[in-house]
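Read the structure below first, then the notes.
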Amino acid sequence: PSPPLCCRSSVERRAAVCPWMARTPHVVIFDVGGVITESPIVAIRSFSQQRGLKDLNHFMFSSTAWATLERGALAWKDFPKAVLQECLECGYSEGVELGLDGWTKLQAAIQEGGARRRPVMLRAIQRLRAAGLKVAALTNNFVPEAAPNAAVQSAAEAERAQFKSLFDHFIESSVAGMRKPEPAFYQHALSVIGCKAEEAVFLDDIGKNLKPAAQMGILTIHVRNDGADSYLEAVRSLQKAVGVLLLDE
C-alpha cells in the first residue's frame, strides 16, 4: 500500500491529490550541507552530545550572529566572539559556558562535517546534467577564512571552483546577502537560473527552508538525515519526479 499523504514528498502529494498538476521539472535546485555533503546539523548535534549540552542547533537556528555570518556580513574568524556576546546578551547559559574556545571548536566540527561529500549525490548531479536538466545549488554559507599561506589558499580556491563547476548555477547566501528561508532568496535563485517556480524541484534537509519554496509553486523534497543512508529516499523521490535514473539499485 502507498504511504499516507503526510509521509510523502510534495512531489508525490501533488500527483496523488491532483494528478492533472503532476509535471516533470527540468530544473533541480540542491541545498549543499545535509544534501550534497554530510549534514552540519548532525555535526552540531554530535558536538553538543560530546560536551553534555542540549542540542545547540536550537540556538543556532535563531542566532543573529549565525544569520549575519551566512549573509556575508560577519567574518568567519569573528563568529566566536560575536556569538558569545549574543549568548551573554540573551542569557543563553550553555553558549556562555562554551566560551571562545568552545565556539571555535564547534566551527571546526561544522567545517569538517560539511566537507564530506556524498558520492551518490555527486553522481546524481552528473546524470541530471547529462540528461539535459539544469542543476543549481542554493546554499546558506559563509565566506571561508583565508589560508595561512598563498599555496594553501590557491589550492583551496581551486578546490572550491571545481566543486562549483559541478552545477550550472551556484547561488550563495554569503554573496547574495540573503538566506533561506527568506522568500526573496528563492526569487533571486529563480531569476539567476532563468526559470519559473513550477519548472523546478528543490531539495533541502530543513523543513522551514522548504516551506517558502513550496508556497511559490516549486516542488519540494525533504532530505532526511536520521540515519547514514536516510538521504537516499530523497534521491528516489527525485528520480521519480524528473524521470532520470539516479540510483543503481
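The values are calculated or read from the model by the stated rules, or taken from the named source; none is laboratory data. In this text the structure is predicted, and so the values were computed from the model without any measurement. Methodologically, a virtual Cβ is constructed for each residue, glycine included, from the backbone with ideal geometry; neighbour enumeration extends over all protein chains shown. These accessible areas exclude ligands, DNA and RNA; they are computed on the full protein's heavy atoms, side chains included. Shrake-Rupley method; radii C 1.70, N 1.55, O 1.52, S 1.80 Å.
Can you figure out the FRET efficiency of GLN187 with HIS58, using R₀ = 30 Å and their beta-carbon distance, to the nearest 0.05? Step by step, r from the Cβ atoms, then E = 0.60.
The alpha-carbon atoms of the range 99-139, seen along their principal axes, cover 49, 19, 6 angstrom, with the largest extent given first. Using the Kirkwood radius over Cα pairs, work out the Stokes-Einstein diffusion coefficient for the range 119-216 at 4 °C and 1.567 mPa s, in µm²/s as a whole number. This corresponds to a translational diffusion coefficient of 87 µm²/s. With a cut-off of 13 Å between beta carbons, the residues surrounding MET178 carry a summed charge of 0, where Lys and Arg count +1 and Asp and Glu -1.
Treating each Cα of the range 122-179 as an identical point scatterer and summing with the Debye formula, the log10 of I(q)/I(0) at q = 0.17, 0.26 Å⁻¹ comes to -0.68, -1.05. Cα convex hull, the range 18-119: 159 Å³ per residue, rounded to a whole number.
Between ALA73 and SER93, what's the calculated FRET efficiency when r is the beta-carbon distance and R0 is 45 Å? Round to 0.05.
Efficiency, from the Cβ-Cβ distance: 0.95.
Applying 0.36 nm per residue to the separation of GLU249 and ARG160 and subtracting their alpha-carbon distance, the gain on full extension is 29.0 nm. Convex hull of alpha carbon positions in the chain: directionally averaged projected area 14.7 nm².
Compute the accessible area per residue over the range 52-99, keeping the other protein chains in place, probe 1.4 Å, unit Å².
Here the residues of the range 52-99 average 50 Å² of exposed surface.
At 1.4 Å probe radius, can you tell me the per residue accessible area of the range 158-203 in Å²?
Details: 2010 Å² over 46 residues.
It amounts to 44 Å² per residue over the range 158-203.
Build a GNM of the chain with springs between Cα atoms under 10 Å apart, and of ASN149, ASN225, ASN140 the one that fluctuates most is ASN149. Expressed as a whole percent, the accessible surface of the range 103-157 that belongs to carbon and sulfur atoms is 57, based on a 1.4 Å probe. Could you list log10 I(q)/I(0) for the range 148-187 at q = 0.17, 0.19, 0.22, 0.30 Å⁻¹, which the Debye formula gives when each Cα is one point scatterer? Here log10 of I(q) over I(0) equals -0.61, -0.70, -0.78, -0.94.
How much net charge surrounds ARG51 when only the other residues with a Cβ under 13 Å from the Cβ of ARG51 are counted, with Lys and Arg +1 and Asp and Glu -1? So the environment of ARG51 carries a net charge of -1.
With a Cα cut-off of under 13 Å and a minimum spacing of 8 residues unless on different chains, the lysine pairs in the chain number 5. Each other residue within a Cβ distance under 15 Å of GLY99 adds +1 if Lys or Arg and -1 if Asp or Glu, for a net charge of -1.
Between the range 214-249 and the range 100-136, the alpha-carbon centres lie 16 Å apart.
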